[in-house]
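Novice: Structure incoming, see below.
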Number of protein chains: 2
Amino acid sequence: MHFAEQRAAPYSMKSSWHKRYTVSNNLNATNNVLAAVVESGIDTHVVHLGTMGVYGYGTAGMRIPEGYLEVKLDTEDGREVRKEILYPSDPGSIYHMTKTQDQLLFAFYNKNDKVKVTDLHQGIVWGTQTEETKMDERLINRFDYDGDYGTVLNRFLMQAAIGYPLTVHGTGGQTRAFIHIQDTVRCVQLAIENPPQSGERVRIINQMTETHRVRELAEMICELTGATIDNLDNPRKEAPENDLYVANETFLSLGLEPTTLQSGLLQEVQDVAKRYADRCDLSKIPCRSLW
Amino acid sequence: MHFAEQRAAPYSMKSSWHKRYTVSNNLNATNNVLAAVVESGIDTHVVHLGTMGVYGYGTAGMRIPEGYLEVKLDTEDGREVRKEILYPSDPGSIYHMTKTQDQLLFAFYNKNDKVKVTDLHQGIVWGTQTEETKMDERLINRFDYDGDYGTVLNRFLMQAAIGYPLTVHGTGGQTRAFIHIQDTVRCVQLAIENPPQSGERVRIINQMTETHRVRELAEMICELTGATIDNLDNPRKEAPENDLYVANETFLSLGLEPTTLQSGLLQEVQDVAKRYADRCDLSKIPCRSLW
């Protein structure tokens, strides 16, 4: 299970140094483990945590498939042929770009050396506790709410808990894919328990359970908490509004039962954000990485 | 002009160490120069030497375009939309794979930071001298004929000069794209003199002038020199036979006048391979990198 990558888009965009660190760390980490698998001669299944961001967010009304896209091509002699290709990537940051380059590493080692690979294209994780971490307070996961590592929902939750307006970038019309941390853990387990067959191409699975616009999330949290919304200039280069339709049948067919925002959000507000609000460092909240 | 990459497919495949060196060197080199261009704030045109090998050699009767491919997609509501995408890559070695990953670096920095980039997808270079190097014997270029760095035609030329059978891998049915070193230099000059406009996508140009099957090349050289052919097992994982149709209008329209194998090969045999044959180290000729 390959988790050894610099994991934050804003962090990857903070400076030239951060770009170079992210590229060197992420690509060498992935290549090193694949080269080691080949060198060892052991029949290994590599599971990798990728991101929905490899697809980009401009889909022209298409449903995003699980990794592979069927396209039609015109040949020189006027025939039309169908080909299945790796979904054309469109990363929005250096971090996301390294994940699109990881895909090419996986495709090559799979083709040339028959390495078995499952690449999980994960949405934005929310939530803090899993069944295991709930067993003792000392097992609780980290909860990032800062501008670099805090994913959008966690930032909103902490902001609501301390009476800070929810910081929505632009109109909040960006649609993103989400998954609860408990479901993430379950997906990783299902991926490991269901390896590809020998000779099978890289298995790509979309690891997300629902999509929402950022402003919908903010409104949901306002309803639960009475927080207000502050629309800020978007620090990122991205479309102000986008739709997002995502295929996610694989994990559902393997038995994943999603934790929905509607059912899990209130618990997160009460048990995590409010409970630990006194530890919050307000200076960490603004997103200071601009691109 | 970014030439700072490990340049040999066989070298990249010699061991785990060589794979890791090639990935780290090539991707960090490209990312470093792009990150430096952005950090400097200088309006720079980056020209990069890539390879025809990013396209792969299984084209299903299609003509390989200069970088971008028009595909047709079916949307969820039954419409057909046309999109132009980066040609789906299919690298045959770690070396070639890094060049497909370079393309994603260029696309990202071009989209996000408007960096002007020309990526040259070069065929296999043959020949030794340019107009400039001919001016004095001390200016002569290196001539690699060994199993790691020697490109196929140079290996054949040296083999013929020393009476060693021409080592054809498999049937020699592999079709590859070629360009003379004089034309390579001219193409680099033309690329630098014709930068993309501000805001233009990455300009990809195929830098090749003719295609040949490997066994055709061997036969041409046998006719010129009386050499014999030795069909060896192919050390590489690749299709035994393939066709290759390549678009190369851009450089021709900019004024490139190709040096053809038919016109230039005899000179190469006489002026380089035979003249320096006494320096040849026979132990270096076999390809010892297997994949």
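Novice: Across every pair of different alpha-carbon atoms, what Kirkwood hydrodynamic radius in Å does the range B:11-80 reach? Could the numbers behind the result be given before it?
Specialist: Working: mean 1/r = 0.0612 Å⁻¹.
Kirkwood radius, the range B:11-80: 16.3 Å.
Novice: Using a simple charge model, +1 on the beta-carbon of Lys and Arg, -1 on the beta-carbon of Asp and Glu, nothing else, what dipole does the range B:153-254 show about its Cα centre, in debye to the nearest 20? Write down the numbers at each step before the final one.
Specialist: Numbers: 9 positive and 13 negative charges, 61 e Å.
Here the size comes out at about 300 debye.
Novice: Given only helices, namely DSSP H runs of n ≥ 4 each adding -39500 (n - 2.57), what is the per-residue ellipticity at 222 nm of chain A, to the nearest 500 deg cm²/dmol?
Specialist: Working: 8 runs with 98 residues, N = 291.
Calculated from helices alone, the mean residue ellipticity at 222 nm is -10500 deg cm²/dmol.
Novice: Non-local amide H neighbours of A:VAL47 (under 5 Å, H modeled in plane, Pro and chain starts lacking H): which ones?
Specialist: A:HIS2, A:THR118
Novice: What is the list of residues in the range A:188-210 whose amide nitrogen lies under 15 Å from a point 7 angstrom out from the Cα of A:LYS114, following Cα to Cβ?
Specialist: In the range A:188-210, the label zone of A:LYS114 (backbone N under 15 Å from the point 7 Å along Cα→Cβ) covers A:196-202.
Novice: So if I place +1 on the C-beta of Lys and Arg and -1 on the C-beta of Asp and Glu, and nothing else carries charge, what would the dipole magnitude of the protein assembly as shown be about its Cα centre? I want it in debye, nearest 20.
Specialist: Working: 60 positive and 78 negative charges, 203 e Å.
In total the dipole reaches around 980 debye.
Novice: Give, rounded to the nearest 20 debye, the magnitude of the charge dipole that chain A has about its Cα centre when Lys and Arg contribute +1 at Cβ and Asp and Glu contribute -1 at Cβ. Could the numbers behind the result be given before it?
Specialist: Working: 30 positive and 39 negative charges, 138 e Å.
Its charge dipole is roughly 660 debye.
Novice: If you average the C-alpha positions of the range A:193-223 and of the range A:1-79 separately, how far apart do those two centres end up, in angstrom?
Specialist: Computed from Cα coordinates, the inter-centre distance equals 15 Å.
Novice: Using a 7 Å offset from the Cα along the Cα-to-Cβ direction at both B:ALA36 and B:TRP17, what is the distance between the two label points in nm, to one decimal?
Specialist: 2.7
Novice: Rounded, prolate or oblate: which one fits the range A:156-204, using the alpha carbon gyration tensor with axes a ≥ b ≥ c (rounded when a/c is under 1.5, else prolate when a/b beats b/c, else oblate)? Numbers along the way, then the final one.
Specialist: Values: a/c = 7.04, a/b = 2.39, b/c = 2.95.
Here the range A:156-204 falls in the oblate category.
Novice: In percent, what relative contact order does chain B have, based on Cα pairs under 8 Å that are 6 or more apart in sequence? Don't skip to the answer; put the middle values down first.
Specialist: Details: 522 pairs, mean separation 70.9, N = 291.
Computed value for chain B: 24 percent relative contact order.
Novice: Hey, another quick one. To the nearest whole number, what is the average tally of beta carbon atoms from other chains within 10 Å of the beta carbons of peptide B:246-259? Before the final figure, lay out each step's value.
Specialist: Details: counts 0, 0, 0, 0, 0, 0, 0, 0, 0, 0, 0, 0, 0, 0.
That average works out to 0.
Novice: Set the Förster distance to 45 Å, then compute FRET efficiency between A:THR228 and B:GLU84 from the Cβ-Cβ distance, nearest 0.05.
Specialist: On the way: r = 44 Å, r/R0 = 0.98.
Efficiency at R0 = 45 Å is approximately 0.55.
Novice: Something else about it: Once you have a ≥ b ≥ c as the square roots of the Cα gyration tensor eigenvalues for the range B:110-209, tell me rounded if a/c is under 1.5, and otherwise prolate or oblate according to whether a/b is larger than b/c.
Specialist: Numbers: a/c = 3.36, a/b = 1.73, b/c = 1.95.
Note, shape of the range B:110-209 comes out oblate.
Novice: If you don't mind, another one. Sum up the lysine pairs in the range A:80-233 that clear both bars: alpha-carbon distance under 29 Å and a spacing of 8 or more or different chains. Please report the intermediate quantities before stating the final value.
Specialist: Details: A:LYS83/A:LYS99; A:LYS83/A:LYS111; A:LYS83/A:LYS114; A:LYS83/A:LYS116; A:LYS99/A:LYS111; A:LYS99/A:LYS114; A:LYS99/A:LYS116.
Lysine pairs meeting both conditions in the range A:80-233 amount to 7.
Novice: Could I ask something else about it? For the range B:202-267, what does the relative contact order come out to in percent, with C-alpha contacts under 8 Å and a separation of six or more?
Specialist: On the way: 22 pairs, mean separation 36.3, N = 66.
Computed over the range B:202-267, the figure is 55 percent.
Novice: Send over a whole-number figure in Å² for the accessible area per residue of the protein assembly as shown, probe 1.4 Å. Spell out each step's value before the answer.
Specialist: On the way: 25350 Å² over 582 residues.
For the protein assembly as shown, the per-residue accessible area is 44 Å².
Novice: Per residue of A:4-16, count partner chain C-beta atoms within 10 Å of its C-beta, then hand back the mean as an integer.
Specialist: Numbers: counts 0, 0, 0, 0, 0, 0, 0, 0, 0, 1, 0, 3, 9.
Mean number of neighbouring Cβ atoms from other chains: 1.
Novice: Take peptides A:250-258, A:280-288 and line them up by average Cβ neighbours within 10 Å, highest first, as a rough protection proxy. Each step should come with its number before you reach the end.
Specialist: Numbers: A:250-258: 15.0, A:280-288: 13.3.
So the order, starting with the most tightly packed, is A:250-258, A:280-288.
Novice: I'd like the mean, over residues of A:35-45, of how many other protein chain beta carbons sit within 10 Å of each residue's own Cβ. Mind showing how you got there, number by number?
Specialist: Values: counts 8, 2, 1, 4, 4, 1, 0, 0, 0, 0, 0.
Partner Cβ neighbours, averaged per residue: 2.
The values are calculated or read from the model by the stated rules, or taken from the named source; none is laboratory data. Since we're looking at a predicted model, the values are computed, not measured. Positions of Cβ are generated from backbone atoms using ideal geometry, with glycine treated the same way; all protein chains shown enter the neighbour counts. Please note that ligands, DNA and RNA were not included when accessible areas were found on the heavy atoms of the full protein model with its side chains. Shrake-Rupley method; radii C 1.70, N 1.55, O 1.52, S 1.80 Å.
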